[in-house]
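Structure first, commentary second.
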Amino acid sequence: MSWHISCVNSYMKLYIISNRLPVKVTKEDETFVFSRSEGGLATGLDSLQISYEKHWIGWPGICVDNEDSKEEITSRLEGINFHPVFLSETQIKNYYEGYSNSTIWPLCHYFFVYTLYRNSFWQSYQEVNQLFCDAICRVIRPGDKVWIQDYQLMLLPGMLRKVYPDLNIGYFHHIPFPSYELFRILPERAEILKGLLGADFIAFHTHDYMRHFISAVERVLRIDFKLDEAQLGNRVVRTDALPMGINYGLYHNASSRPEVWRAIDRTRKFFGNHKLILSVDRLDYSKGILHRLWGFAAFLECHSEYCGKVTLAMVIVPSRDHVDSYAELKTKIDEEIGSINGQYSTMDWTPVCYFYHGFSFEELVAMYYIADVALVTPLRDGMNLVAKEYVASKNNNPGVLILSEMAGAAIEMTDALLINPNDTEEIKQAICRALEMPEQEQLKRLQHMQKIISVQTVNKWAADFVSEWSDTCRKNEQLRKKRISVGIIGAIKMKYNQAKQRLILLDYDGTLASLKTRPENAKPAPELIATLQKLVSDPANHVVVNSGRDQFTLEKWLGNLPIAMAAEHGAFYKENGIWHKNINKAEWSSGLVSILKLFVEKTPRSHLEVKETTLGWHYRESDAWLGALRAQQLINVLVNICIQQKLQIIQGDKVVEIKSPDYNKGSEVRRQLEKKHYDFIIAMGDDTTDEDMFKALPVNAVTIKVGYVSEAASYNMPSQTEVLPFLQILANKKDMKQPIGENVKTSLKGVFDFFRDLLKTK
């Protein structure tokens with residue numbers, strides 16, 4: 001499905017898609033009760049200043065089977081721009097508790113031993129993602145934006161892209177993205193990555209997660225990223241690291257509120273004069289709660305002088321404790337706390353004060369405010385907002401943050417005491433250092449961190465995401481305009497039919513033939529030979545295959561056709577059945593060849609191609625990351641040598657070539673143009689070397705880049721498979737017929753656009 005109408009900006013909507021709505025629906029005495037959640041995400045997105053009307057789509061937190069109940073809930077929620085997706089108890093069990101939290105969650109947090117694989121989990125995950133897709137499709141209109149949140153909906157971008165190819169889709173991943181070595185364990189790895197790549201813009205908390213994602217895409221799907229972008233057809237997918245923040249002002253100014261100050265007073269009285277170490281977490285094995293307790297126990301054992309003077313307040317918010325691994329974790333926590341308190345407590349002192357429940361905002365901020373130390377030591381965490389909340393809550397009062405280097409927040413909060421959460425000895429030492437740190441140093445460290453998090457707020461996070469996402473969407477809109485449509489093909493055919501003298505320039509690999517891991521397998525198909533024969537049989541046509549291939553291969557494959565050919569990027573050319581050379585056979589230095597052979601040895605599945613005037617190091621079959629690394633290393637090594645020997649280095653598609661700078665594909669074009677005047681010129685190519693061909697042509701020539709969009713080419717043809725049908729249309733002497741299903745208005749617009757652009761260039 002595609003949209004071809006415009007919309008007034010005021011009607012455009014931003015749809016935020018998450019597993020849960022920021023509203024929880026419960027049933028009390030046959031009445032539905034709606035309670036609004038004011039979490040960080042909801043707060044940040046609510047404050048987002050955009051011209052779009054904001055809507056939210058997600059599960060309302062209740063399972064209902066009755067259609068009347070669904071209608072009632074839907075009616076009330078839609079009044080505040082919330083659109084519910086209803087899930088059954090089975091779907092919650094298999095999609096949410098199953099695939100999302102028993103498969104994806106442990107894998108992304110590096111607890112692969114906890115990862116469960118069940119077909120029913122995966123089937124339900126697909127099913128629910130499709131339900132969300134259907135719900136979105138029912139409400140979106142042209143010009144709307146869809147922003148998808150987190151790991152529960154990783155298939156959704158791809159599903160939406162199939163239905164609406166031009167839809168603006170953003171995705172944010174709120175948890176860690178694991179390394180390729182871990183992600184590859186997932187049986188559905190390819191499907192997950194394809195789903196995510198349906199988005200225009202994908203963001204993560206840290207550059208590490210971003211790097212892991214890119215590595216997974218390159219190795220699993222064999223899709224190349226150029227820095228932060230990959231091109232898929234006629235659009236790009238861009239990634240970035242955008243650390244999520246908090247509502248800084250809310251926490252920093254909280255102590256000035258009377259109700260918060262009363263809570264501070266109560267909390268001080270409760271804990272007395274003891275030094276307070278605060279730990280706040282949801283029950284989860286990724287939070288490192290046991291390691292924290294072991295570190296605290298080691299601290300008490302080694303520093304008996306602090307016994308009776310330090311209290312660890314451990315707040316654990318219940319979560320999934322009916323799941324076996326979580327229930328087992330809670331049992332171990334209870335036992336460890338009991339062990340510490342049993343060994344060290346006195347009549348007037350308990351080392352660990354344990355709270356297995358949540359606290360109100362006022363009570364939580366009060367503990368942040370008075371805590372001398374915050375102990376935040378997750379074994380793996382996407383961001384960890386508790387660390388930021390603690391620092392923000394300090395308002396000219398001291399405190400020390402001990403923070404795991406495995407938390408995303410560690411990237412920004414470098415003035416914390418950063419520790420390896422797996423090292424209980426390091427936790428012990430950090431506690432001691434924190435308690436002994438001079439107050440002046442504490443305040444200085446806090447101020448440095450506050451300066452960062454006061455700027456990088458949740459509001460800024462949301463605004464930055466939308467800004468970068470919008471930039472990517474604008475770029476994709478420009479790329480879509482270059483997509484060669486049926487209408488434009490019709491206009492090209494019309495001009496082709498009217499021309500008296502035509503020049504047709506065609507690259508071979510990646511254009512006339514698909515790219516092969518082994519170049520010798522790229523033989524021309526019989527259909528291609530027949531089409532080229534048909535083109536060249538028209539006396540108005542001069543057909544040139546302009547290739548980087550050597551002349552012997554081109555002659556073997558295409559030599560029976562009465563066409564012109566150029567080989568090795570213009571170093572050789574065939575005209576009237578005779579091969580000519582523009583340059584003598586190169587004498588490659590032994591040092592240059594030795595370097596290339598060394599890189600072949602260092603890079604499995606790479607190989608060296610030696611031609612008369614060109615050396616090519618190919619790495620198409622190699623590991624994507626290793627191939628790219630070796631290519632850059634090779635170029636770095638060759639630069640000085642090639643300058644000395646007056647040679648040119650060309651980095652093409654999975655190949656590094658060394659050749660004379662005197663000739664390129666543009667040289668052959670210029671030679672052809674000097675011989676004759678043509679009233680119709682068309683050129684097609686897929687690689688960076690074809691850019692020279694496009695640039696050498698007059699501005700009114702039809703230039704088509706196959707695969708990636710090129711600034712030098714007028715149009716883009718996303719797939720090599722489209723080349724042969726296009727050439728067959730040109731070769732057909734009859735006018736092009738209207739394809740089935742093609743919108744006439746759209747085709748005519750393509751024709752008008754073609755001739756408008758043509759007139760502009762003359």
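The values are calculated or read from the model by the stated rules, or taken from the named source; none is laboratory data. Note that the structure is predicted; figures quoted are calculated from it, not measured. Positions of Cβ are backbone-derived with ideal geometry, glycine not excepted, and every protein chain shown enters the neighbour counts.
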> In the stretch 514-531, which residues are of a type in the set (A, V, I, L, M, F, W, C) and either part of a loop (DSSP other than H, G, I, E, B) or without any contact (Cβ under 8 Å) to a residue 24 or more places away in the chain (or both)?
Replying inline: Leu515, Ala522, Ala525, Ala530
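For the structure I just gave you, tell me whether Gln442 is out of contact with any helix residue (DSSP H, G or I) (no Cβ under 7 Å at 6 or more places or on another chain), surrounded by fewer than 19 Cβ atoms within 10 Å (Cβ to Cβ), free of Cβ contacts under 8 Å to residues at least 60 places away in the same chain and not assigned by TED's automatic domain parsing to the domain that holds Asp679.
Working: out of contact with any helix residue (DSSP H, G or I) (no Cβ under 7 Å at 6 or more places or on another chain): yes; surrounded by fewer than 19 Cβ atoms within 10 Å (Cβ to Cβ): no; free of Cβ contacts under 8 Å to residues at least 60 places away in the same chain: yes; not assigned by TED's automatic domain parsing to the domain that holds Asp679: yes.
No: the conditions fail for Gln442.
Based on this model, can you work out whether Leu403 counts as over 30 Å from Leu232 (Cβ atoms), surrounded by fewer than 17 Cβ atoms within 10 Å (Cβ to Cβ) and modelled with pLDDT of 95 or more? Steps first, please.
Numbers: over 30 Å from Leu232 (Cβ atoms): yes; surrounded by fewer than 17 Cβ atoms within 10 Å (Cβ to Cβ): no; modelled with pLDDT of 95 or more: yes.
Judged against the criteria, Leu403 is not a match.
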>> So Ala410 ticks every box in (1) touching a residue at least 12 places away in the same chain (Cβ under 8 Å); (2) closer than 30 Å to Asp150 by Cα; (3) outside any loop (DSSP other than H, G, I, E, B) but one. Which box is left unticked?
In response: (1)
> Can you name the condition, by its number, that Asn101 falls short on among (1) under 27 Å from Val466 (Cα atoms); (2) in contact (Cβ under 8 Å) with a residue 40 or more places away in the chain?
Replying inline: (1)
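Restricting to the stretch 82-104, name every residue that is assigned to a strand (DSSP E or B) and crowded, with 20+ Cβ neighbours inside 10 Å. Don't jump to the end; show me each part of the working.
So in the stretch 82-104, the residues assigned to a strand (DSSP E or B) come out as 82-84.
Phe82, Pro84 - these are the residues of the stretch 82-104 that are assigned to a strand (DSSP E or B) and crowded, with 20+ Cβ neighbours inside 10 Å.
Identify all residues within the stretch 287-332 that are of a type in the set (Ser, Thr, Tyr) and either more than 38 Å from the chain's Cα centre (by Cα) or over 17 Å from Val386 (Cβ atoms) (or both); write none if there are none. Write out each step before concluding.
As a first pass, look at the stretch 287-332 and keep what is of a type in the set (Ser, Thr, Tyr): 304, 306, 311, 319, 325-326, 331.
Hits for the stretch 287-332 are Ser304, Tyr306, Thr311, Ser325, Tyr326, Thr331.
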> Applying the selection to the stretch 481-513, what residues are touching a strand residue (DSSP E or B) at 6+ places or on another chain (Cβ under 7 Å) and in a helix (DSSP H, G or I)?
Replying inline: Lys482, Ile488, Ile492, Lys495, Tyr496
> Only one of these conditions is not met by Lys475: (1) in contact (Cβ under 8 Å) with a residue 60 or more places away in the chain; (2) more than 31 Å from the chain's Cα centre (by Cα). Which number is it?
Replying inline: (2)
>> I'd like the residue in the stretch 113-130 that is out of contact with any helix residue (DSSP H, G or I) (no Cβ under 6 Å at 6 or more places or on another chain), farther than 24 Å from Ile148 by Cα and not charged (D, E, K, R) and, out of all such residues, is surrounded by the most Cβ atoms within 10 Å (Cβ to Cβ).
In response: Tyr117
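Residue-wise test of (1) out of contact with any strand residue (DSSP E or B) (no Cβ under 7 Å at 6 or more places or on another chain); (2) modelled with pLDDT of 90 or more; (3) at negative phi.
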| position | (1), (2), (3) |
| --- | --- |
| Asp538 | yes, yes, yes |
| Asp550 | no, yes, yes |
| Gly559 | yes, yes, yes |
| Glu587 | yes, no, yes |
| Thr614 | no, no, yes |
> If you check Ser35, Ser18, Ser100, Ser47, which single one turns out to be at pLDDT below 90, closer than 26 Å to Glu389 by Cβ and touching a strand residue (DSSP E or B) at 6+ places or on another chain (Cβ under 8 Å)?
Replying inline: Ser35
>> Please go through the stretch 359-395 and give me each residue that is under 13 Å from Val260 (Cα atoms) and of a type in the set (Ser, Thr, Tyr), ordered by number.
In response: Ser360, Tyr368, Tyr369, Ser393
>> Condition first: at pLDDT 95 or above and assigned to a helix (DSSP H, G or I). Now tell me which residues in the stretch 453-464 satisfy that.
In response: Ile453
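With respect to Lys451, is the statement that it is out of contact with any helix residue (DSSP H, G or I) (no Cβ under 8 Å at 6 or more places or on another chain) and among the basic types (Lys, Arg) true?
On the way: out of contact with any helix residue (DSSP H, G or I) (no Cβ under 8 Å at 6 or more places or on another chain): yes; among the basic types (Lys, Arg): yes.
Judged against the criteria, Lys451 is a match.
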> How many residues are touching a residue at least 40 places away in the same chain (Cβ under 8 Å) and closer than 22 Å to Leu167 by Cα if we restrict to the stretch 217-231?
Replying inline: 1
>> For Thr74, only one of the following conditions fails: (1) more than 27 Å from the chain's Cα centre (by Cα); (2) in contact (Cβ under 8 Å) with a residue 40 or more places away in the chain. What is its number?
In response: (2)
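If a residue counts only when it is of a type in the set (A, V, I, L, M) and either touching a helix residue (DSSP H, G or I) at 6+ places or on another chain (Cβ under 8 Å) or at pLDDT below 95 (or both), which helices (runs of 4 or more DSSP H) contained entirely in the stretch 146-197 have at least 3 such residues? Before you say what the answer is, go through the steps one by one.
Details: elements: 156-163, 180-183, 189-196.
Output list reads 156-163, 189-196.
Output the number of residues of the stretch 285-317 satisfying the condition of being without any contact (Cβ under 8 Å) to a residue 60 or more places away in the chain, over 19 Å from Tyr368 (Cβ atoms) and not in a helix (DSSP H, G or I). Give the derivation first.
We begin by selecting, within the stretch 285-317, every residue without any contact (Cβ under 8 Å) to a residue 60 or more places away in the chain; these are 289-290, 293, 297, 300-301, 304-305, 307-309, 311, 313-317.
Next cut, over 19 Å from Tyr368 (Cβ atoms) only: 290, 293, 297, 300-301, 304-305, 307-309.
Narrowing the set further to residues that are not in a helix (DSSP H, G or I) leaves 307-309.
Number satisfying all stated conditions: 3.
So how many residues does the stretch 582-603 have that are among the charged types (D, E, K, R), without any contact (Cβ under 8 Å) to a residue 12 or more places away in the chain and within 22 Å of Lys646 (Cα to Cα)?
Kept after step one, since they are among the charged types (D, E, K, R), are these residues of the stretch 582-603: 585, 587, 597, 601-602.
Now restrict to residues that are without any contact (Cβ under 8 Å) to a residue 12 or more places away in the chain: 587, 597, 601.
The next check asks that each one be within 22 Å of Lys646 (Cα to Cα); those that pass are 587, 597.
Of the residues in the stretch 582-603, 2 are among the charged types (D, E, K, R), without any contact (Cβ under 8 Å) to a residue 12 or more places away in the chain and within 22 Å of Lys646 (Cα to Cα).
Sort out for me the helices (runs of 4 or more DSSP H) sitting completely within the stretch 624-718 that have 2 or more residues that are crowded, with 16+ Cβ neighbours inside 10 Å and in the same structural domain as Leu515 (by TED's automatic domain parsing).
Values: elements: 624-644, 665-675, 690-696.
Those helices (runs of 4 or more DSSP H) span 665-675, 690-696.
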